[in-house]
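Student: A single structure is presented below for examination.
The values are calculated or read from the model by the stated rules, or taken from the named source; none is laboratory data. A quick note: this is a predicted structure, and the numbers were derived from the prediction, not measured. Ideal geometry is used to build each Cβ from the backbone, glycine not excepted, and the neighbour counts take in all protein chains shown.
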Amino acid sequence: MNTVASNWDQSHEKLHVLDACIARLGDIVLIIEAVPLEEPGPRIILVNDAFEASLGYTRKQTLGRSLRFLEGKKTEPRVVAEIYRALAKSKAIDRQIFLYDKEGLARLYEIKFVPIFDRFGECSHFSVTLRPVTKSGEQEEALRLSGERFSQAFEYGPIGMALVAPDGHWLTANQSLCDLLGYSADELCRKTFQRLTHPEDIPVELEFARQTLTGETHFYQMEKRYFHKRGHPIWVHLTSSLVRDANGFPLYFIKQVQDISESKRSTEKIAQQAALLDKTNDAITLCDLQGRVLFWNKGAEAIYGWTADEAASRLVKELSFKKNPGQYDEACRATLQQNKWTSEIPIVHKDGRELVIQSHWTLIKDQADTPKAFLSIGYDITDRKQIEAQLMRAQRMESIGTLAGGIAHDLNNILTPIMMSIEMLKATTTHPKAQNILETIEMTTRRGADIVRQVLSFARGMKGDRVEVQPRHLLKDIQALIKETLPKNIQLKTSFPGDSWTILGDPTQLHQILLNLCVNARDAMPDGGCLTISAENAVIDEQVASMHVDARPGVYVAINVSDTGTGIEPAVLDKIFEPFFTTKEIGKGTGLGLSTVIAIVKSHEGFVKVLSEVGKGTTFKVYLPALEDASKPAGEEEEKATLPRGNNETILVVDDEASILTITSQTLQAFGYQTLTANDGVEALALYARHRDKIAAVLTDMAMPVMDGPATVRVLMKMNPAIKIIAASGLKTNEAINQELDGKLRYFINKPYSAGTLLKTLRTVLTEV
């Protein structure tokens, strides 16, 4: 749009100059349009005074009409057709032709058409000169007068003009050109055009001049730099036409020089500003009120994916708002109402990815305060929004962890008396059916305790106890559990070799690994398939270990979970273990399942290998270090040992749960101990102060009101540094409690605890020297 306006202004400026030049020439001069050349012919847009005087038509009667209104009966169609053929090819032509004046009188004229070219080399107009065919003396006088008038127009014209010899020497220059370059005409005539031309422009103009001298073209146009007398360059638009004699010998170039320095500076300034806008990483775009792109910087190319050439003149809706065109309309309305508008906008990248853009819109107005365009500055905040979402999920998980901790504390207090009561009941009955019922209750209670520990481990990262585990039993447990959750269109296959090595690990955490992998496998087969769980012994040598970052040479048990589902895209295979990364739909996955798996495996000094093929399925191979020389598999039934009994020692039991106090006290009394009970730390300190000489040991809970366990332990140790204390907790680990107590506490049991665990730990404490 700016280019068109610029060309229009320059064209009309030239017409004004031509009007000033031809107005008072003695020859009859007209300026006509170059197009259209079809009937009724090109329009007349300028005439001089001589036209009015000779033909009798005023300017008002002439301008806008076709030149053909001057034709009559004597006008030869052959001549007219010949002239128009030349005009159609933008060629100069001169012929004799009869034309009619206003009074209807025919007169023979010498008519000459000369094309006028714009700065791009396109023929835009024709100069038409009419000379009446007169007697010889009249012709010489007319020529003399015409020459004088041309000299006046040359000398005093507003555009710089000069005559330059074919060898480059200046012959003469008018005052406008002298004023532009700072030289007098005499000074210019002592120089060649090369002396005044910027070195970079000389080869270009020499080539143009050569083409004109050899007849390849009749004129040339170019933008070039002349040096002012003071030394600074001046940008000009140059039109150079060659004048030849009657024999075709080149006489001189007529040069028209127009100063374009200001326009050039403006163009360069705009280019510099555009270059600066391209250096920013932000997407900067300019669109008209209809939404068509006027400007599109490099930042927009990088963020939106479309190049400036691809985006030019296209609707923004088609580029970035395919899925939500209403969002763009809303932005336009808000900006028109408020002049400025800021918001987060969802847009679509060229490759189809959805992005979130922080966008700032400004309404651009002209000097008349009329809205013209929308300026938009945006930057990609997609990653930031994802991180914010992850943090919110993490905060929710933290809240869940806090809630889980509270629930676990209550559940442990509920399960502890149940577990202890079971062992008491087993000792009081020998009926087989009752024993079976008690064993079922015991197994269920222990499973409940395992679940509580699993929740705590997941929510708080609580490190579990490591024991010798037989994978066969682990896999059987998960088989029974996962079978209940699988849809009927998924077949479950298992393979548990009887000679598999044992591993050292936390059964609850290992159970969590298998559960997460099986749930993922189930979700990967929405249309059904086969889930296979197996275990095998594996020996990893140096070569294989070097292929996995976390692997070390040695013996392992490989636990495999395979599915025949959708598979994993290679592009995301390296990201699947990242926290919060998920390929599932929003609301159907937390992105924590596999990150939990890899964390547990690494804590067991193992590693994971993933094999996947899109459309065919995925296999997770979990390698855990094996105890190759384990004497017997864990999980086998051991002969129950007789529980140790007390020797009438007094034990102080401290807990805020009445049920735990009651069952613990009854259990201890049943196995030969005396007991004192306290509901909190304050009551425990008072009892110990009165009965310290007969209290052999203290069993205290760690989470109590009024005075908690650590505070109670500290005061007891001050009262008696040699006191024997067993701490019990369903929330904190032995390491965490010892850290609070500076490592002074040696004995700890997890809630819920069984009678056997309590009695064995108590016997160890009491027999310690």
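Student: Quick test for you: out of 744, 718, pick the one residue that is of a type in the set (Lys, Arg) and closer than 29 Å to residue 466 by Cα.
Tutor: Result: 744 is the single residue among 744, 718 that is of a type in the set (Lys, Arg) and closer than 29 Å to residue 466 by Cα.
Student: Based on what the data block shows, is residue 727 among the small types (Gly, Ala, Ser) and touching a residue at least 40 places away in the same chain (Cβ under 8 Å)? Show your work before the answer.
Tutor: On the way: among the small types (Gly, Ala, Ser): yes; touching a residue at least 40 places away in the same chain (Cβ under 8 Å): no.
No: the conditions fail for residue 727.
Student: Same structure again: Tell me which of these residue 46 doesn't satisfy, since it passes every other one: (1) at pLDDT below 85; (2) out of contact with any His (no Cβ under 7 Å at 6 or more places or on another chain).
Tutor: All conditions are met except number (1).
Student: Which strands (runs of 3 or more DSSP E) does segment 664-753 wholly contain that include 2 or more residues that are modelled with pLDDT of 90 or more?
Tutor: Numbers: elements: 674-678, 695-701, 725-729, 747-750.
Correct list: 674-678, 695-701, 725-729.
Student: Hey, could you check segment 465-480 for residues that are touching a helix residue (DSSP H, G or I) at 6+ places or on another chain (Cβ under 8 Å) and surrounded by 14 or more Cβ atoms within 10 Å (Cβ to Cβ) and say which is nearest to residue 516 (Cα to Cα)?
Tutor: Among those residues, the one meeting the criterion is 478.
Student: May I pose another question? Condition first: of a type outside the set (A, V, I, L, M, F, W, C) and in a helix (DSSP H, G or I). Now tell me which residues in segment 169-206 satisfy that. Spell out how you get there, then give the answer.
Tutor: So the first thing to find is which residues in segment 169-206 are of a type outside the set (A, V, I, L, M, F, W, C), and the list is 169, 172, 174-176, 179, 182-184, 186-187, 190-192, 194-195, 197-201, 203, 205.
If the condition is that a residue be of a type outside the set (A, V, I, L, M, F, W, C) and in a helix (DSSP H, G or I), then 175, 176, 179, 186, 187, 194, 195, 199, 200, 201, 203, 205 are the ones that fit.
Student: Please determine, by comparing only the residues of segment 224-264 that are in contact (Cβ under 8 Å) with a residue 12 or more places away in the chain and of a type in the set (D, E, K, R), which one is surrounded by the fewest Cβ atoms within 10 Å (Cβ to Cβ).
Tutor: Among residues in segment 224-264 that are in contact (Cβ under 8 Å) with a residue 12 or more places away in the chain and of a type in the set (D, E, K, R), the one surrounded by the fewest Cβ atoms within 10 Å (Cβ to Cβ) is 230.
Student: Tally the residues that are in contact (Cβ under 8 Å) with a residue 24 or more places away in the chain and either hydrophobic (A, V, I, L, M, F, W, C) or part of a loop (DSSP other than H, G, I, E, B) (or both), restricting the search to segment 277-299.
Tutor: Of the residues in that region, 11 qualify.
For every residue, the table says whether it meets (1) of a type in the set (A, V, I, L, M, F, W, C); (2) at pLDDT below 70; (3) surrounded by 12 or more Cβ atoms within 10 Å (Cβ to Cβ).
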site: 339; (1), (2), (3): no, no, yes
site: 346; (1), (2), (3): no, no, yes
site: 358; (1), (2), (3): no, no, yes
site: 367; (1), (2), (3): no, no, no
site: 381; (1), (2), (3): yes, no, yes
site: 393; (1), (2), (3): no, yes, yes
site: 398; (1), (2), (3): no, yes, yes
site: 404; (1), (2), (3): yes, yes, yes
site: 410; (1), (2), (3): no, no, yes
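Student: Let me ask something else about it. Within segment 421-434, work out how many residues are assigned to a helix (DSSP H, G or I) and farther than 23 Å from residue 660 by Cα.
Tutor: Total meeting the criteria: 3.
Student: A further question follows. Does segment 67-83 contain at least one residue that is modelled with pLDDT of 85 or more, within 21 Å of residue 27 (Cβ to Cβ) and under 60 Å from the mean Cα position of the chain (by Cα)?
Tutor: There is no residue in segment 67-83 that is modelled with pLDDT of 85 or more, within 21 Å of residue 27 (Cβ to Cβ) and under 60 Å from the mean Cα position of the chain (by Cα).
Student: Which of the residues spanning segment 207-223 are assigned to a helix (DSSP H, G or I) and loosely packed, with under 15 Cβ neighbours inside 10 Å? Step through it out loud before you land on a result.
Tutor: Quick first cut of segment 207-223, residues assigned to a helix (DSSP H, G or I) only: 207-213.
Matches in segment 207-223: 207, 210, 211, 213.
Student: Do we have residue 293 as crowded, with 18+ Cβ neighbours inside 10 Å, touching a helix residue (DSSP H, G or I) at 6+ places or on another chain (Cβ under 7 Å) and closer than 14 Å to residue 347 by Cα here? Walk me through how you get there before you give the answer.
Tutor: Values: crowded, with 18+ Cβ neighbours inside 10 Å: yes; touching a helix residue (DSSP H, G or I) at 6+ places or on another chain (Cβ under 7 Å): yes; closer than 14 Å to residue 347 by Cα: no.
It is false that residue 293 is crowded, with 18+ Cβ neighbours inside 10 Å, touching a helix residue (DSSP H, G or I) at 6+ places or on another chain (Cβ under 7 Å) and closer than 14 Å to residue 347 by Cα.
Student: Restricting to segment 529-561, what's the tally of residues that are at pLDDT below 90, in a strand (DSSP E or B) and over 30 Å from residue 486 (Cα atoms)?
Tutor: Within segment 529-561, residues that are at pLDDT below 90, in a strand (DSSP E or B) and over 30 Å from residue 486 (Cα atoms) number 3.
Student: Exactly one condition in (1) surrounded by 13 or more Cβ atoms within 10 Å (Cβ to Cβ); (2) modelled with pLDDT under 80 is not met by residue 151; state its number.
Tutor: Failed condition: (1).
Student: Looking at segment 305-322, can you tell me whether even one residue there is part of a strand (DSSP E or B), over 18 Å from residue 375 (Cβ atoms) and modelled with pLDDT of 85 or more?
Tutor: Looking through segment 305-322, none of the residues is part of a strand (DSSP E or B), over 18 Å from residue 375 (Cβ atoms) and modelled with pLDDT of 85 or more.
Student: Next question. So the check is Cβ under 6 Å with 6+ separation or different chains; which pairs have a first residue in segment 542-565 that's closer than 17 Å to residue 496 by Cα and a second one that's at pLDDT below 85 and not in a loop (DSSP other than H, G, I, E, B)?
Tutor: Pairs found: 556/540.
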